[in-house]
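The structure appears right after this line, and notes come after that.
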Amino acid sequence: MDATLRVGILTVSDRCSAGEAKDVSGDTLSAYIQSHWPQGKVTVRDCIPDEKAQITNVLMDWTDQERLDIIFTTGGTGFSPRDVTPEATKAVLDKAAPGLVVAMIQGSMQSTPMAMLSRPVCGVRNRTLIINLPGSVKGCVENFMIVEKQLKHAVDLLRDAKGNIENVHSQIQKPLKLKTKVNAINVADRARRSPFETIQVEIAQNIVITQCGDEYLTETRTLRNALGFVIAEDVDAKDPLPPFPASIKDGYAVKVGPQLKEGSLLNVTGDSTAGESPEKCQVDTNFSVRISTGAPVPSGADAVIQIEDTELVEKTEDGNDEKVIRILKTPIVKQDIRAIGSDIQSGERVLQKGTRLGPTELGILATVGITQFKVFKKPIVALISTGNELQSPNDAILIKGKIRDSNKTTLASLMAQEGFQTKDVGIAKDSPQELLDTLCAGFSVADIIVCTGGVSMGEKDYLKRVLKTDLDADIHFGSLLMKPGKPTTFATCMYQERKKYIFALPGNPVSATVSSYLFVVPACRKLSGWSHPFHPKIKVQAEKQLKVDPTRPEYHRVTVSWSTSCGIPVAQSTGNQISSRLLSFNRADALLMLPQGSDSKKVVESGEFLEAILLSA
Ligand code: AMP
Ligand code: MG
């Protein structure tokens, strides 16, 4: 059966069909389908006025004669009297497809609440799916994108294409069950050196960031569930702040003039407190209005004199109010008044796309009344531990020859600290089939898969081969010039049409943790829209002399401390740095970057200046 989906686009618009406007929506949708949707081919187009009879005629003709797979109408779905596309569509349908309608309205509501005023109808006539799209260019293409992924399957169902349908159904049910092609090799024949070129950490970090830079997904969030997300749109203020001239102090609103000097007496004729209308009072040269911080400055007033610079001269007869005050300091014009828009001007850009939303950024959004906005979606991270020796830390008894899996706990906690959701996909044994099954299970629930163990030169280290042979993954690097973490591996592959990012980290707990800070966290941040995803580096002084490794730069765990007596932070080693000793991370808040040694450089000296990566920032 022909795999191409034959598509018709019917533009419904009085103005376009009369030649008074260009059919931009039809053109844009057609161009979008051509460039982004390889399965679809636009084979017929038309542009007709908002006339019910004409619309039904074309729809019937296209479904009965042209035998199209899908017809998209654009236009005529709104509330104006001439909008009749949904009614015309309904009249020709054999079956309604309300799920598509719900999906489009729900999806569009994330862009604009105006979407609730759209009235699309979707359904089937003969073997053709008809979908009403809005008439605006943006709405038309956005709604197409919302349903795009499901259209192929819908058409397969309409065509009764059994093979394709079963395929999709099985993919929905469970992760792919692939059979590994990786054999346990004859140990005597195994490679004795990594086939991967050893590359520098900075180069590897660039590769990760580049790979993570081409697919940003967005979602709509609200003020109270967006902390830590990166905003995916520019935000402009709709109105100024303050929206009226506001007092900065508690005191008296006055009109400055030659008569108003230190020692002058002034009548108090009214009051303006926060929340009151700016029109409540008037001020002129001989009198003042009592005013509170944040209250509107009455018209006529051009300065506020703070209460501390006044004294009461006379009360009202009932003794409850102020009648006359003396001013103790000559005021100047504009004193203690926030002009309209002095904090935020109307139309001012208050947040730029790409800004991370901390408490104050969310406060800014609240200030300008933006309660729903687009953010970049955060990736979900699947965690896999690999190794025949691993037991769950929850097991009551430690079996001989086994150790407890600590990596999963460390990595899950690190991800949680960074604000990323994780899925525990279990512990995989050192068998190619089990590794493959567990990776596929990870792919089906997450975007990033972090596994630890099984990437070195051991006879049971199958992971890289499974990635390459079974999953056709691109292994971007598999050997790094760093200590610890040399076998750190990064790969990407496509799984059910989505790009997956795989970090296969060495099993040693310290190596896995260091590599997570250097690669995994930045990757998660990058996919979440951060423009500077790496932990900051600072200059520090080594507290004591430290040996350097002759073959690799080292990321030495240190505690950094500051004192007012010494301007530069001091880095204190956490002790024995062997990569199995997770205790070397105890109290560590930075990774001191020790250079690779040489004949002339065997140590860094006490007091020597080095860079350190701050882990908590
Ligand atoms: P591998 O990278 O698989 O060669 O493992 C290197 C070392 O890390 C071995 O001593 C493993 O027992 C240990 N190891 C591997 N995975 C874990 C884990 N999840 N938790 C704690 N130690 C591990
Ligand atoms: Mg292992």
remark   = Over segment 80-108, the set of residues farther than 29 Å from Phe373 by Cβ, touching a Ser or Thr at 6+ places or on another chain (Cβ under 8 Å) and outside any loop (DSSP other than H, G, I, E, B) is Thr85, Pro86, Ala88, Thr89, Ala91, Val92
key: Options Gly294, Gly341, Gly387: the member that is touching a residue at least 40 places away in the same chain (Cβ under 8 Å), within 16 Å of ligand 2 (Cβ to nearest atom) and over 30 Å from Glu215 (Cα atoms)   = Gly387
remark   = For segment 361-408, the count of residues that are closer than 26 Å to Trp530 by Cα and away from ligand 1 (no atom under 16 Å from the Cβ) equals 20
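For every residue, the table says whether it meets (1) within 24 Å of the chain's Cα centre (by Cα); (2) under 23 Å from Ala88 (Cβ atoms); (3) crowded, with 21+ Cβ neighbours inside 10 Å.
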| site | (1), (2), (3) |
| --- | --- |
| Leu117 | no, yes, no |
| Arg125 | no, yes, no |
| Leu129 | no, yes, yes |
| Asn132 | no, yes, yes |
| Glu142 | yes, yes, no |
| Met145 | yes, no, no |
| His153 | no, no, no |
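Within segment 298-317, track down each residue that is outside any strand (DSSP E or B) and under 14 Å from Gly251 (Cβ atoms). Full working, then the answer.
Taking segment 298-317 and keeping what is outside any strand (DSSP E or B), we get 298, 300-302, 307-309, 316-317.
Pro298, Ala301, Asp302, Ile307, Glu308, Asp309 - these are the residues of segment 298-317 that are outside any strand (DSSP E or B) and under 14 Å from Gly251 (Cβ atoms).
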inquiry  = Can you tell me how many residues within segment 213-268 are modelled with pLDDT under 95, more than 30 Å from Val304 (Cβ to Cβ) and assigned to a loop (DSSP other than H, G, I, E, B)?
reply    = 5
query = Among Leu158, Leu129, which is the only one that is out of contact with any helix residue (DSSP H, G or I) (no Cβ under 8 Å at 6 or more places or on another chain), modelled with pLDDT of 90 or more and not small (Gly, Ala, Ser)?
reply = Leu158
Condition met for Glu434 (within 16 Å of ligand 2 (Cβ to nearest atom) and without any contact (Cβ under 8 Å) to a residue 12 or more places away in the chain) = yes
ask   = Among the residues of segment 462-484, how many are among the aliphatic types (A, V, I, L, M), crowded, with 22+ Cβ neighbours inside 10 Å and either outside any loop (DSSP other than H, G, I, E, B) or within 12 Å of ligand 1 (Cβ to nearest atom) (or both)?
value = 4
remark   = Taking segment 496-550 and the residues there that are at pLDDT below 95, part of a loop (DSSP other than H, G, I, E, B) and closer than 30 Å to Lys152 by Cα, the one that is farthest from ligand 2 (Cβ to nearest atom) would be Glu497
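Output the residues belonging to segment 254-277 that are under 47 Å from the mean Cα position of the chain (by Cα) and either buried (at least 17 other Cβ atoms within 10 Å of the Cβ) or among the basic types (Lys, Arg) (or both). Break it down stepwise before answering.
Residues of segment 254-277 that are under 47 Å from the mean Cα position of the chain (by Cα), as a first pass: 272-277.
Selection gives Ser272 alone.
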key: Search result, residues across segment 316-340 that are surrounded by fewer than 16 Cβ atoms within 10 Å (Cβ to Cβ) and basic (Lys, Arg)   = Lys323, Arg326, Lys329, Lys334
query = Quick one: Gly597 ticks every box in (1) part of a strand (DSSP E or B); (2) over 34 Å from the mean Cα position of the chain (by Cα); (3) modelled with pLDDT of 95 or more bar one, so which box is it?
reply = (1)
request  = Starting from residues that are within 19 Å of Ala382 (Cα to Cα), among the aliphatic types (A, V, I, L, M) and in contact with a helix residue (DSSP H, G or I) (Cβ under 8 Å, 6 or more places away or on another chain), keep the ones in segment 462-495 and report whichever is nearest to ligand 2 (Cβ to nearest atom).
outcome  = Leu463
query = Within segment 189-208, is there a residue that is modelled with pLDDT under 95, closer than 30 Å to Pro484 by Cα and outside any loop (DSSP other than H, G, I, E, B)?
reply = yes
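Which one is surrounded by the most Cβ atoms within 10 Å (Cβ to Cβ), of the residues in segment 405-422 that are in contact (Cβ under 8 Å) with a residue 60 or more places away in the chain and over 24 Å from Lys377 (Cα atoms)? Let's see the steps before the verdict.
Kept after step one, since they are in contact (Cβ under 8 Å) with a residue 60 or more places away in the chain, are these residues of segment 405-422: 406-407, 410-411, 414-415, 418-420.
Next, from what is left, pick out any that are over 24 Å from Lys377 (Cα atoms): 406-407.
Details: Ser406: 16, Asn407: 29.
Applying the filter and picking the extreme gives Asn407.
Residue by residue, here is whether (1) touching a helix residue (DSSP H, G or I) at 6+ places or on another chain (Cβ under 9 Å); (2) in a loop (DSSP other than H, G, I, E, B); (3) among the aliphatic types (A, V, I, L, M) holds:
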| residue | (1), (2), (3) |
| --- | --- |
| Gly369 | no, yes, no |
| Ser385 | yes, no, no |
| Pro393 | yes, yes, no |
| Leu414 | yes, no, yes |
| Phe443 | no, no, no |
| Lys460 | no, yes, no |
query = Of all residues in segment 359-387 being farther than 27 Å from Ile502 by Cα and out of contact with any strand residue (DSSP E or B) (no Cβ under 7 Å at 6 or more places or on another chain), which is surrounded by the most Cβ atoms within 10 Å (Cβ to Cβ)?
reply = Leu362
ask   = Just to be sure, is Asp343 surrounded by 19 or more Cβ atoms within 10 Å (Cβ to Cβ) and within 30 Å of Pro243 (Cβ to Cβ)?
value = no
query = Looking only at residues in segment 423-452 that are out of contact with any Lys or Arg (no Cβ under 8 Å at 6 or more places or on another chain) and closer than 20 Å to Glu215 by Cβ, which one is surrounded by the fewest Cβ atoms within 10 Å (Cβ to Cβ)?
reply = Lys423
ask   = Of the numbered conditions (1) buried (at least 17 other Cβ atoms within 10 Å of the Cβ); (2) touching a helix residue (DSSP H, G or I) at 6+ places or on another chain (Cβ under 9 Å), Phe79 satisfies every one except a single condition; which is it?
value = (1)
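What residue, among those in segment 485-502 that are within 14 Å of ligand 1 (Cβ to nearest atom) and buried (at least 24 other Cβ atoms within 10 Å of the Cβ), is farthest from Leu176 (Cα to Cα)? I'd like the intermediate steps shown before the answer.
Within segment 485-502, the first condition is being within 14 Å of ligand 1 (Cβ to nearest atom), and the residues that meet it are 485-489.
After this cut, where a residue has to be buried (at least 24 other Cβ atoms within 10 Å of the Cβ) as well, the list is 485, 487-489.
Numbers: Gly485: 31, Pro487: 28, Thr488: 26, Thr489: 23 Å.
Looking at the filtered set, the residue picked out is Gly485.
The values are calculated or read from the model by the stated rules, or taken from the named source; none is laboratory data. Note that the coordinates shown come from a computational prediction; the quantities given were computed from them, not determined experimentally. Cβ atoms come from the backbone with ideal geometry, glycine included; neighbour counts cover every protein chain shown.
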